[in-house]
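Right, one structure below, let's go through it.
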Amino acid sequence: MHTLLTILLMIAALGIITIVLLQSGKSEGLSGAITGGAEQLFGKQKARGIDKVLHRTTVILSIVFFVSAFLLAFYV
């Protein structure tokens, strides 16, 4: 059980690192620095395509990471 949780924790950690590095920034380039949060305030576009998939995958992997870390700490 300990080995399985450790392997699951490592896979989730590497997955989170990879997925976060693949995601695009919220405000890319100089235009994001100038406009600030106005684009988020007035732009009603939802995340589409690959950004949405990466976001959901990040959420799932982070849940797996924290649950496996908690279980590993609890059982050891």
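The values are calculated or read from the model by the stated rules, or taken from the named source; none is laboratory data. This structure is a prediction, so every number in the text was calculated from the model and none was measured. Note: ideal-geometry Cβ built from the backbone for every residue, glycine included; neighbour counts use all protein chains shown.
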- Just give me the residues in the stretch 1-17 being surrounded by 13 or more Cβ atoms within 10 Å (Cβ to Cβ) and under 21 Å from Thr57 (Cβ atoms), in sequence order. Leu5, Leu8, Leu9, Ile11, Ala12, Ala13, Gly15, Ile16
- Okay, helices (runs of 4 or more DSSP H) sitting entirely in the chain with 1 or more residues that are modelled with pLDDT under 90 and of a type in the set (Ser, Thr, Tyr), I get 29-35, 50-75
- Query: How many of the residues making up the stretch 61-76 are surrounded by 13 or more Cβ atoms within 10 Å (Cβ to Cβ) and of a type in the set (A, V, I, L, M)?
  - Reply: 6
